[in-house]
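Asker: Mind having a look at this structure? Questions to follow.
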Amino acid sequence: MNERAPFPLYPHRHLLGIKDLSPSDIELLLDRADDAVAISRQSEKKTSTLRGRTQINLFYEASTRTQSSFELAGKRLGADVMNMSVASSSVKKGETLIDTAMTLNAMRPDILVIRHASAGAAALLAQKVGCSVVNAGDGAHEHPTQALLDALTIRRAKGKIARLTVAICGDIGHSRVARSNILLLNALGARVRVVAPSTLLPAGISAMGVEVFNTMKEGLHGADVVMMLRLQRERMQGAFVPSVREYFRYYGLDAEKLKAARDDALVMHPGPMNRGVEIASEIADGPQSVIQEQVEMGVAVRMAVMEALLDPRRNPEGVAG
Ligand code: CP
């Protein structure tokens, strides 16, 4: 078992969104996550930080990366991890989110990780249960651990985040990843651009402190980081792009469009990717892509977040909540 040096005490009990975090909160989580990367790269990956603690993953929406990395993160920290199978639960019999959460809460978990299609679902749960709550994505609102893992990937590759130019491209309007990244990157002093057709930009996006571009050539000019987003059809009502072919032609990242960015620009994508829609395969698998590193950083960030929220110095008796 790995034993680890203590980090400064993290001041929050829940992680509901990046909007609640100060720059020093974010840096603390990134520092802790850096430490967790080293643990995950050892052959002995288990620590005892959360031994005896119970983690429940409650995913109402599909997930590959987030759910599996929260599960691995909990196991690497020594927690007992339960993945609640929503598809075969009493949700199918009409049980509400709150009733399901209150039922699970009565089993005395220490941490509940929730993904839900409704914005605000994680915050609502945090008011009802006695344990820590982590937002693993709520509608088009926030996906805070995604933004943290993206920041960790950038910081490790570039050595800093402040003053980097980051272009977030694609379906900004329906994206919780874009929202959390804009909040985090601005908090750490990056220059943030959004690049999309106007149909995929939310009203008032400039008020979030970003520069807005409607062409990839202009938006990617001199960028240090190019972050591509999927068209989130599950949150679209109506047609937001004329056709996938047209969309790829004007907004899909290919070798020609990437030339506008810096030669050493990082190419990122939170996944799941739609190859040939928002990104060409040659770029997704190319030398500038850090998409697999993002996945690796996902485990480390989720370890860091859960350790920080369940820090025994805040709750020495180890009682849930
Ligand atoms: N990036 C992300 O949230 O991926 P999943 O939907 O697979 O969890």
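Asker: Have a look at GLU27, GLU61 and point out the one that is of a type outside the set (Lys, Arg) and either assigned to a loop (DSSP other than H, G, I, E, B) or within 16 Å of the ligand (Cβ to nearest atom) (or both).
Answerer: Values: GLU27 fails: either assigned to a loop (DSSP other than H, G, I, E, B) or within 16 Å of the ligand (Cβ to nearest atom) (or both).
On inspection, the qualifying residue turns out to be GLU61.
Asker: Another question about this same structure. Kindly indicate whether GLY276 is of a type in the set (Gly, Ala, Ser) and under 21 Å from ALA187 (Cα atoms). Let's see the steps before the verdict.
Answerer: Numbers: of a type in the set (Gly, Ala, Ser): yes; under 21 Å from ALA187 (Cα atoms): no.
No: the conditions fail for GLY276.
Asker: Which condition does ALA36 not pass, out of (1) more than 20 Å from ARG176 (Cβ to Cβ); (2) within 23 Å of the chain's Cα centre (by Cα); (3) not in a helix (DSSP H, G or I), if it passes all the others?
Answerer: It fails just one condition, (3).
Asker: Could you grab me the full set of residues in segment 98-139 that are open to solvent by less than 10 Å² (accessible area, probe 1.4 Å) and within 16 Å of the ligand (Cβ to nearest atom)?
Answerer: VAL113, ILE114, ALA121, ALA122, VAL134, ASN135, ALA136, GLY137, ASP138, GLY139 - these are the residues of segment 98-139 that are open to solvent by less than 10 Å² (accessible area, probe 1.4 Å) and within 16 Å of the ligand (Cβ to nearest atom).
Asker: Output the number of residues of segment 64-92 satisfying the condition of being in a helix (DSSP H, G or I), within 11 Å of the ligand (Cβ to nearest atom) and open to solvent by 20 Å² or more (accessible area, probe 1.4 Å). Spell out how you get there, then give the answer.
Answerer: So in segment 64-92, the residues in a helix (DSSP H, G or I) come out as 65-76, 86-88, 90-92.
Going one step further and asking which of them are within 11 Å of the ligand (Cβ to nearest atom), we end up with 65-70.
Then drop every residue that is not open to solvent by 20 Å² or more (accessible area, probe 1.4 Å), which leaves 65, 67-68.
Number of matching residues: 3.
Asker: Go through segment 176-197 and report how many residues are within 18 Å of the chain's Cα centre (by Cα) and part of a loop (DSSP other than H, G, I, E, B). Show your work before the answer.
Answerer: Start the filter on segment 176-197 by keeping residues that are within 18 Å of the chain's Cα centre (by Cα), which leaves 176-188, 190, 192, 194.
Checking the rest, the ones that are also part of a loop (DSSP other than H, G, I, E, B) come to 188, 190.
Looking only at that region, the number is 2.
Asker: While we're on this one: Does VAL166 qualify as being within 16 Å of the ligand (Cβ to nearest atom) and either open to solvent by less than 10 Å² (accessible area, probe 1.4 Å) or closer than 21 Å to ARG302 by Cα (or both)? Let's see the steps before the verdict.
Answerer: Numbers: within 16 Å of the ligand (Cβ to nearest atom): no; either open to solvent by less than 10 Å² (accessible area, probe 1.4 Å) or closer than 21 Å to ARG302 by Cα (or both): yes.
Considered against the rule, which asks whether it is within 16 Å of the ligand (Cβ to nearest atom) and either open to solvent by less than 10 Å² (accessible area, probe 1.4 Å) or closer than 21 Å to ARG302 by Cα (or both), VAL166 comes out as no.
Asker: Cβ contacts < 8 Å: first residue in a strand (DSSP E or B), restricted to segment 144-172; second residue modelled with pLDDT under 95, any location; separation 6+ or different chain. Result?
Answerer: Once the first residue is in a strand (DSSP E or B) and sits in segment 144-172, no partner that is modelled with pLDDT under 95 comes close enough.
The values are calculated or read from the model by the stated rules, or taken from the named source; none is laboratory data. Since this is a predicted model, take the numbers as computed values, not measurements. So basically every Cβ, Gly included, is an ideal-geometry build from the backbone, and we count neighbours across all protein chains shown. For the accessible areas, the whole protein counts, side chains as well, though only heavy atoms, and no ligand, DNA or RNA atoms are used. Shrake-Rupley method; radii C 1.70, N 1.55, O 1.52, S 1.80 Å.
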